[in-house]
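The structure under discussion appears below in the form of structure tokens.
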Amino acid sequence: MAERERKQKPAPREREGEAAEVAAPAKAGEALKEDLDDLLDEIDSVLEENAEEFVRSYVQKGGE
Amino acid sequence: MVAVPKIAGIETEYGVSLRGAADPNPVLASSLLINGFVEQRRIGWDFEDESPGRDARGYARDGAQPPEVETHLVNAVLTNGARYYVDHAHPEYSTPECSDALELVVADKAGERILARSMQAARRLLPEGQEIVVYKNNSDGKGNSYGCHENYLVDRSVPFAALVRTLLPWFVTRQIFCGAGKVGSENGAGPVDYQISQRADFFEEEVGLETTLKRPIVNTRDEPHADPQKYRRLHVIVGDANLCEVATFLKVGTTAIVLAMLEDGGFVDKDLSITGPVAAMRAVSHDPSLRATVELVDGGRCTALELQWEFLRLARKYADESGLEGCGGELLGRQVLERWEAVLGGLERDPVHLAGQLDWVTKRQLLDAYVSRDDLAWDDPKLSLLDLQYHDVRPDRSLYERLVRAGKVERMVTEAEVLRAVAEPPATTRAYFRGTCLARWADAVVAANWDSLILDVGSDPLRRIPMMEPTRGSKGHVEHLFEDVTTPGQLVDRLSAPQEVE
């Protein structure tokens with residue numbers, strides 16, 4: 001298991017105490033918002049073309 | 001009484017598109033995916049114990065239509081213990097049985113990788129210019145829904161009505177952390193820009209047997225795929241397909257604890273019932289601010305979040321008094337409780353804190369960024385496209401995967417674990433026995449089902465091995481057995497009486 005991923009495991013961090021529990025997700029949420037704009041350009045390049053036509057043509061049969 | 005182990009699995013119907021074909025046939029496309037993936041001889045499915053029309057309430061159905069069993073369609077059992085098949089007009093992946101929420105996160109993620117590999121494989125079978133694309137979502141945005149069902153092992157001796165009473169408010173409110181998010185509404189639900197759940201618009205009854213029409217919040221299908229004297233399999237049809245690992249972990253982990261608590265009995269010290277749960281389910285889903293209130297049968301109103309805090313309080317009391325051994329073990333159970341509390345706390349402060357953990361928040365934040373950059377109205381098709389493409393299973397097109405690669409999404413398991421689970425079964429349940437037999441003797445496995453295997457040992461008759469106990473046939477039980485034998489015939493001989501896997 002990679003060290004970076006091990007650090008993301010929730011149990012040890014959350015057991016450190018209330019402060020860590022509160023801070024971690026809040027930080028992640030704010031960081032995501034700040035950096036997201038930089039990602040949009042990258043996402044633009046993989047988005048399907050002609051959104052209207054694409055969405056209209058996505059029709060499924062019901063399942064289950 | 002001690003709750004039975006909460007063995008669980010997830011079955012996901014993927015949305016499927018055949019691009020570039022004049023007359024795209026979703027059944028054919030689904031078949032191509034599965035045939036493309038399964039390179040070894042396909043294993044037939046043994047339908048002997050299938051009885052999807054049986055009703056947990058103990059009476060015969062009154063005009064309700066049981067789902068059709070489509071024996072003629074493609075149906076494969078994989079070496080990881082999963083079932084991969086065509087259901088209606090969708091490719092469906094049923095994970096192997098898992099004994100804890102984290103193991104099931106791995107198995108569910110492995111399903112996504114299998115679908116991605118299937119798309120690649122199918123490309124080689126298709127004419128130039130055609131491509132099959134699958135989506136891990138639950139709606140086409142036009143009133144057609146396909147499911148993501150969970151299954152939990154439940155003690156047969158618990159009266160079903162006792163489960164239903166508490167499960168209704170549970171399912172109405174848990175969507176605030178396991179919803180996958182959706183632009184707009186469907187199926188006659190009132191207008192909304194963005195809602196928490198993909199599925200809430202499609203539920204029309206409180207309790208029932210249906211899955212495709214008049215969908216009930218609590219499904220009563222009584223088909224245990226295990227010893228019917230001892231067990232039920234609670235079939236949960238109300239959930240969304242999740243991509244965020246934290247969401248899947250919480251969905252399964254919390255539901256397992258709530259079920260164990262109901263089985264042990266005596267812990268629910270107040271009536272949590274909601275007046276009009278069907279309407280309440282939509283009201284909760286349609287309010288991403290989480291301020292909508294629901295009416296309680298006992299009087300008063302409260303938010304979904306407040307009811308969730310009540311459930312957490314009860315679950316903590318249960319954990320302290322009875323332990324969480326049956327919920328994947330004490331350590332994992334505590335991990336579920338801690339994450340549950342942290343997520344409810346985050347939702348209470350501002351749902352934006354849960355971006356990267358919950359699908360509906362993560363996707364919402366991506367859409368918000370587009371709304372603000374491009375000055376979009378919520379009915380702009382570009383937002384619907386972003387919604388859909390978040391769930392695209394192709395690694396290079398999936399917007400969810402883009403967010404993962406950018407480090408914006410928390411992973412709870414490693415990719416190495418996921419890739420191992422593409423080929424290997426979980427070690428802790430009978431899936432280990434099933435998967436190992438298939439890996440070693442695919443040609444001898446004539447048919448497989450959740451609770452049996454039929455082996456051709458080279459001489460008549462075929463030998464049927466029942467596996468009615470989901471906890472048996474684990475690696476701990478049968479590893480030595482597999483080490484000692486080299487042929488399926490020897491395996492059958494070694495099973496003291498081939499009635500039960502030991």
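Where a number appears in this text, it was derived from the coordinates with a stated rule and is not lab data. Quantities reported herein were computed from a predicted structural model and do not represent experimental measurements. Backbone-built Cβ (ideal geometry, glycine too); neighbour counts: all protein chains shown.
Overall, the anisotropy analysis places segment B:174-217 in the oblate class: the square-rooted eigenvalues a ≥ b ≥ c of its C-alpha gyration tensor yield a/c not less than 1.5, with a/b not exceeding b/c. At an R0 of 41 angstrom, the distance between the Cβ atoms of B:Leu419 and B:Arg156 translates into a FRET efficiency of 0.65.
For the segment A:50-57, counting C-beta atoms of other chains within 10 Å of every residue's C-beta and taking the mean gives 6. The mean number of partner chain beta-carbon atoms within 10 angstrom of a residue's beta-carbon across peptide B:327-334 is 1. Hydrophobic long helices, here whole DSSP H runs in chain B with Kyte-Doolittle means of at least -1.0 and Cα atoms spread over 27 Å or more along the helix axis, are found at B:101-123, B:245-264, B:330-349. The mean count of C-beta atoms from other chains within 10 Å of the C-beta of residues in B:292-301, rounded to a whole number, is 0. In plain terms, chain B is cut at each of the trypsin sites (Lys or Arg not before Pro) found in a DSSP loop with at most 10 other Cβ atoms within 10 Å, and the longest leftover piece is B:292-502. Using 21 Å as the Cα-Cα cut-off, could you pick out the over-long pairs in B:Lys6/B:Lys270; B:Lys6/B:Lys230; B:Lys6/B:Lys136? Exceeds cut-off: B:Lys6/B:Lys270; B:Lys6/B:Lys136.
Rounded to the nearest 20, the size of the Cβ-charge dipole of the protein assembly as shown about its Cα centre is 580 debye, with Lys and Arg at +1 and Asp and Glu at -1.
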